[in-house]
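Before any comments, here is the structure.
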């Protein structure tokens with residue numbers, strides 16, 4: 001029964017993507033104009049839209065003794081290693097995908113992306 005489900009999943013994945021005969025992604029991605037989405041492309045994307053991802057932004061780090069940690073209370077301030085204005089790293093599933101800076105919007109913290117890591121840099125970071 002599992003084999004049948006796996007085969008159906010494999011067949012569905014086989015229909016995904018625009019790969020030419022040489023095995024390279026088509027030149028559509030290099031065009032400045034966005035290609036209109038067809039029903040088939042949308043159906044293919046639907047397979048991956050619900051995959052959960054972990055997004056993490058590290059504001060800084062700090063080392064402290066257990067005794068100091070136990071002394072913390074409401075209103076305590078912990079000094080972090082990052083400086084004001086220093087770029088933050090945005091990690092998706094523990095992989096660097098962008099850099100940004102802290103912003104405050106409606107009294108909530110956010111991250112303004114300032115640099116997106118190129119696909120080539122991401123591939124090089126794997127090795």
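None of the figures in this text is laboratory data; all of them are computed from the coordinates on show. This one's a predicted model, so the numbers in the text were calculated from it and none came from an experiment. Positions of Cβ are backbone-derived with ideal geometry, glycine not excepted, and every protein chain shown enters the neighbour counts.
Considering each residue of region 94-118, count those that are exposed (fewer than 10 other Cβ atoms within 10 Å of the Cβ) and either touching a strand residue (DSSP E or B) at 6+ places or on another chain (Cβ under 8 Å) or assigned to a helix (DSSP H, G or I) (or both), and give that number.
Residues of region 94-118 exposed (fewer than 10 other Cβ atoms within 10 Å of the Cβ): 94, 104-108, 118.
Filter once more, keeping what is either touching a strand residue (DSSP E or B) at 6+ places or on another chain (Cβ under 8 Å) or assigned to a helix (DSSP H, G or I) (or both): 94, 104.
Looking only at that region, the number is 2.
Could you list all residues from region 44-68 that are surrounded by fewer than 10 Cβ atoms within 10 Å (Cβ to Cβ) and outside any loop (DSSP other than H, G, I, E, B)?
If the condition is that a residue be surrounded by fewer than 10 Cβ atoms within 10 Å (Cβ to Cβ) and outside any loop (DSSP other than H, G, I, E, B), then 46, 66, 67 are the ones that fit.
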